[in-house]
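Below is one structure, written out as structure tokens; the observations come after it.
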Amino acid sequence: MDTPQTIHGVEVTLVDANHCPGAVQLLFRLPTGERYVHCGDMRFCTRLLADPHLGRFRGANAVFLDTTYCNPRFTFPLQEEAIEYVASTIERLMKESAAGGPSRAFLIATYVIGKERILVEVARRCRCKILVTERKLGVMRCLDLPGLDPAQMFTLDQSESRVNVVTMDFMGETWPYFRPNFVNMEQIRTELGVDEVHGVVPTGWMYEMKRKAYPVRSKEACHIHLVPYSEHSSYNELREYVRFLKPHKVIPTVGVHDDDSGKKSHALLKHFRNLVDETASKARFLSTFRRRGSENSNAADSAPGNGAPLTSIQEYDPVKMACWQAGQPTPYLHIANGLQAMERTTKRLRIGDAIANIFRSILALAPEDLLQAAYLVIGKLVPDYEGLELNVGPSIVAAAVAEATGITRAKLRDMHNQLGDMGDVAQACRHTQMTLHRPAPLTVRGVYRTLRQIASEKGSGSSNRRQRAILGMLRSCRESETKFLVRTLVQNLRVGANWRSVIGALARAVVVHQEGLALPKARLDAAAAAASNAFHLCPSLDILVPALVEGGVDELERRCTLTPGVPLKPMLAKISEGIPDVLKQLKGEAFLAEYKYDGQRAQIHMLPDRSVRIFSRNCDDKTTAFPDVCEAITAAAAAECQGLVLDAELVAVDRANGNRLRAFQELSTRARGEVTTHQVLIQVCVFVFDLLYLDGQPLVAQCLRERRARIATALPHLRPGYVELATSVEICPRPALLGLADGVVAAGTGTSPRAASRPELPSTAAPVQQGAQQAAADADVKAAQVEAKVEAKVEERLQEVLLEAFAGGTEGLMLKCLDVGAAYQPSKRSDSWIKLKRDYCEGLRDSLDLVPIGAWYGNGRKAGWFSPFLLAAWDPDTEEFQSVCRCMSGFTDAFYTEATARMKARQLAGPKPYYRTDECPDVWFEAAEVWEIRGADLTLSPVHKAAVGHLHPERGVSLRFPRCIRIREDKRPEDASGPDVICELYHKQTRKMTNAAESLGKAKAATAAGPSLAGKEPVAEGSSEEDDDGGHVEGDVARE
Amino acid sequence: MFEARLVQGGLLKKVLDSIKDLVTDANFDCSPNGFSLQAMDSSHVSLVALLLRSDGFDHYRADRPISMGMNLNNMAKMLKCAGNDDIITMKAEDAGDTVTFMFESPNQERISDFELKLMDIDSEQLGIPDTDYAATVKMPASEFQRICKDLASIGDTVLISVTKDGVKFSTTGDIGSANITCRQNTSVDKPEEQTTIELNEPVCLSFALRYLNSFAKATPLSHTVTLSMSKELPVVVEYRIGDLGHIRFYLAPKIEDEEMEDEA
């Protein structure tokens, strides 16, 4: 036992088989070096894997396997669990009896030898002797089992015990499935004179196992407990055993007798197909199919990819837990394992830790791969602003997946509709094509390089070349690599890794790597914050990663600064719910009320060589789409300017018509791609509102007042209709506290003609001034009153400016702190910028009742549901359902599930002839129910067709930002909103703008005449008036 | 110094046409034994092994073994400029970075030189084992080409089963299925029209038709094709190139059974 013996030149080793006592596995080593394992009857348990001798037989030529339970339906619990169950059941029943329950006798079925561990445990737990036959006792005496003391535990005397050991077939036949024999039991019951007999049959031959772990068969007073205890290995255990040994071949020893054709044995072998060493099974041929040079190429293969980055930073060992060794390139598997781990959790912190752990291993083993790895974790190739796209459509990926896996496109499509994610689909597909030779494992560098190459493919045949490159990578994929590679290709990783989480994790990983694990959490958080700030100023991993690796976190500030040409994430504004809310949020600091133009946010960079680049809100390079803007900026900038970065809004204007602002929708009709100046049809004006960098100096840390002041220096040659300053008014709500005597200070700071300062309201200043004096002289109560008054005044002033802003054709106002907390905070939705828009103030109070007529298949989280839905209005005149919008908000998960089920039942092969829309949803439905939908505003749309012909000959009305409120059970599809309702709502909202201008006039008149505080009233009247007014004012419609 | 002159220059053109779609870049090895190439396709499913023996050339000189990495498409572009009857001579310096193709028209009226830049290719050279196969089928190359072409229009995988009576090619696709059986016929007069089967054990293997069709591009090189198969092993599709050498394609089989739950 456990010592190799040589018999006739063959080395034989016996090791434990965990079967009945005395059972062993035989390990043979032939003089030729061939190794064979005959496991005999064996119950696998993890303990066996620790055996050093068995370990030497990994990769043996063949394993003669105990295939008693070689079928997936045989799954049974560990022996320990089964024993525990038997012992505790008997213990419980005995206690019941002792406590006055029915008297009971127990029978345990065993073979002559085996299952001793059950008896031992029962004797120990129940502290009772067990009745055995003499022969069994003799057997037990021969055994040398831990904790076994036959004299103490067993008896031959019937009167000493209620627990009898009986032969296996005493209570019924066990093979091939259990058929109880209650006659024998009843006999025993009578003999012993007890009320109940409980039998325990430990066996693995249990079909009943499927649902219930421990079934009980009963007949009158006889109960048989079937216990899935076996001394043979279960199906899964067999697989694990084979997986461990990875033999070249498996030879079944049980269940293949009288099998002439070899069919049964073949069927058994199929279960181990993936586990045996296939390449070795083709030994004669493929052993010579070996690479000439690098024999070690499989080293990365053999290292167990345990991939456990989903542990806390403290517990993760970056070297031991990695799936490769120092000096080798980082395998892509490392990233895939990490992403896999992240996918399993939704907790931000754990995702952050997982990413940091990925990077730590790379820092420790292959630091030169860190940059590419960081890109791959986010699923990007370059900084966003460089705009390099993979240009891989879903169809190319699908074609490559189909080819790699041999699955038909139709099947693939079905799977995609079901799983909703191409990566999951690819992972689920089994590869049907063998390869001659296993391709080298994917490396981080290799994958990154191939992706770059795919992105840069151009010209004819490029999509073919892309597909080939993808196919090559897919063929080399191991484990979860397929899933994440495909997700990277379709640009949707779905693991909760974004720039922010990756940057923070990078910094933490670097700090831990450089300074060790014993760091306070605050240090890590500070590092993450520093990296995050650096990234906002300089959103380029190409600069950030080397800076981090070479200089650590402290180096970031010096190396990652704002540079013209590298866009930073724009600062964002909070939303507000109206003027009082805004004032509360601004906490009484001086602020700037700036028109919120309805255009496209643009960050305009002028490089030292005076070339201009324009970036969108998402840092996409839009320079080529706006050549006219580039020219305008060059013209406006100071001649000696050495580079600047502006934050601005691009707005469509009508230069022929007094530079009148045009709607956002018109700007969006501009060509998106590359245009030349003379191709520009929609003229655009730049409304500059911030300056972030001037002549080598980043200004982001300066306060807004300072930055605004520098704009004049930077852009001395403003030109109306081309480059203007955003119109703004400065408002200071706390004159008393600031010691300013002139109350509400309001001054037009804009230099454009549009922003010409209008006469201030002289009457407002006086009472406030008085109030201030009183407050100074009097008690706090009065001061509070004054403040209230001031607030009312500010509110009134703000209302006025807001209405002016609406009248000027803008969306509303941006309110920005001028002095306190007024630095430019890239990418932050800061408290110091607040937007005041009509949507938030008034919104579209009325809702529309619309009918779902189609939908798209949901992606990502919404996979398996329909989302978005295509909603339509009913036109009773033309008897058409006309589409209004796609709606994907306002739904709960439960709603999605139900709606999807309901709609599936009403699915149509195609649209009905009376569905009018230019949208092409994936599925069409029978119009059957009505949903109440609310949205922000109504616009004219080229695709949606509601009320077509009423407002515009071809265009219909669409609802922006729709959300579902509820299902209108009371309405039929024909009761849905019609063109009349839609037109009325449309007119109402345009009227608001014109009415706002009118009421502004009224308000001014009122303030001039009456007492100042009354100034608020006319405005309120004005707004209520416009809602009640029935007349149609067509002013803005004409503009369309 | 490497120099090889082939009077039947057309052969080289045909060789290249048959492999350039399978492999993009490859190393040609020029040794005293001959001019050879071995390369796998990018997905490691198939392998092409070409050997043109030195004694098959009209003049052959390879002072020491050299390896020339070429983009096969570019090489094909140059060889396209040679006439079918032209005499082709290849020349390369031992440490040079180019190879020269010289084309001479049969009547020596036109002589052209093309110089192709060589490239460094990280080749994965494999040793190809000599094995006894369970079944060897020899059949007219054009017949094999036709079968592959016909079946590819029905399905994408072909099941080749060899028994002592004949060889059966079957496929299944969305529109239906197809079976083509070629019987052993040794009675035909011309040896190149015979179908012969040497069988130790019946074999049945599935292959992707796409690759077989690509192999069949070598049909102009030879009248007959030999398919050698063993259980679970790659098939060898061999075309002999006169007495000059051979071109062999190896293709890994597809995994047949679909019943098992996916574990991979």
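The values are calculated or read from the model by the stated rules, or taken from the named source; none is laboratory data. Keep in mind that what you see is a predicted model, and the values were worked out from it rather than measured. Neighbour counts run over all protein chains shown; Cβ positions are idealised from the backbone, glycine included. Surface areas here come from the heavy atoms of the whole protein model, side chains and all, with no ligands, DNA or RNA. Shrake-Rupley method; radii C 1.70, N 1.55, O 1.52, S 1.80 Å.
Brief remarks on what is shown
- Fraction of accessible area attributable to carbon and sulfur, segment B:2-117 (%, probe 1.4 Å): 43
- Accessible area per residue for segment B:2-117 is 43 Å², calculated with a 1.4 Å probe on protein heavy atoms, without ligands, DNA or RNA.
- Separation of the B:Glu143 and A:Arg92 label points, Cα + 7 Å toward Cβ, nm: 7.4
- Label-point separation, A:Glu674 to B:Gln108 (7 Å along Cα→Cβ), nm: 5.5
- Per-residue ³J(HN,Hα) for segment B:49-59, Karplus 6.51 cos²θ - 1.76 cosθ + 1.60, θ = phi - 60°, Hz, x for Gly and Pro: 10, 10, 9, 10, 5, 4, 6, x, 7, 7, 8
- Entries in B:Lys20/B:Lys77; B:Lys13/B:Lys217; B:Lys217/B:Lys254; B:Lys14/B:Lys217; A:Lys458/B:Lys14; A:Lys584/A:Lys793 that, when Cα-Cα distance is taken, lie over 18 Å: B:Lys217/B:Lys254; A:Lys458/B:Lys14
- Extension gain, A:Ala788 to A:Lys828: 0.36 nm times the residue separation minus the Cα-Cα distance gives 11.3 nm.
- Derived scalar couplings ³J(HN,Hα) [segment A:90-95; Karplus, 6.51 cos²θ - 1.76 cosθ + 1.60; whole Hz; x for Gly, Pro]: 5, 4, 5, 5, 5, 4
- Close amide-amide hydrogen proximity is noted between A:Ala936 and A:Arg960, A:Phe961, each under 5 Å apart and 5 or more residues distant or on a separate chain (H modeled in the peptide plane; Pro and chain starts excluded).
- FRET efficiency estimate (nearest 0.05) - Cβ-Cβ, A:Arg902 to B:Ile180, R0 35 angstrom: 0.10
- From phi via Karplus (6.51, -1.76, 1.60), per-residue ³J(HN,Hα) for segment A:550-557 in Hz, x at Gly/Pro: 7, x, x, 5, 5, 7, 4, 4
- Other-chain or far-sequence residues with amide H under 5 Å of A:Tyr693's (modelled H): A:Val645, A:Leu699
- For A:Lys95, a cut-off of 17 angstrom between C-alpha atoms picks up these lysines, skipping any fewer than 8 places away in its own chain: A:Lys129.
- Area hidden from solvent between B and A (accessible, protein heavy atoms only, 1.4 Å, total, Å²): 3200
- Between A:Glu368 and A:Asp609, the C-beta separation translates, for a Förster distance of 45 Å, into a calculated FRET efficiency of about 0.85.
- Length-normalised contact order for chain B - Cα pairs under 8 Å, 6+ apart - percent: 20
- In a fully extended conformation the segment linking A:Gln328 and A:Asp414 would gain 26.9 nm over its present Cα-Cα distance, using 0.36 nm per residue.
- 20 Å cut-off, amide nitrogen to a point 7 angstrom out along B:Glu115 Cα→Cβ, residues in segment B:61-80: B:67-72, B:74-80
- Counting only lysines at least 8 places from A:Lys483 when in the same chain, those with an alpha carbon closer than 19 Å to its own are A:Lys380, A:Lys411, A:Lys862.
- Modelled label positions at A:Arg660 and A:Gln314, each set 7 Å beyond Cα in the direction of Cβ, lie 6.8 nm from each other.
- Between B:Asp122 and B:Lys80, the contour length at 0.36 nm per residue exceeds the Cα-Cα span by 12.5 nm.
- Nonlocal amide H pairs with A:Gly40, under 5 Å, H built at 1.01 Å: A:Leu26
- Looking at segment B:135-263, the accessible area is 48 square angstrom per residue; that uses a 1.4 Å probe and ignores ligands, DNA and RNA.
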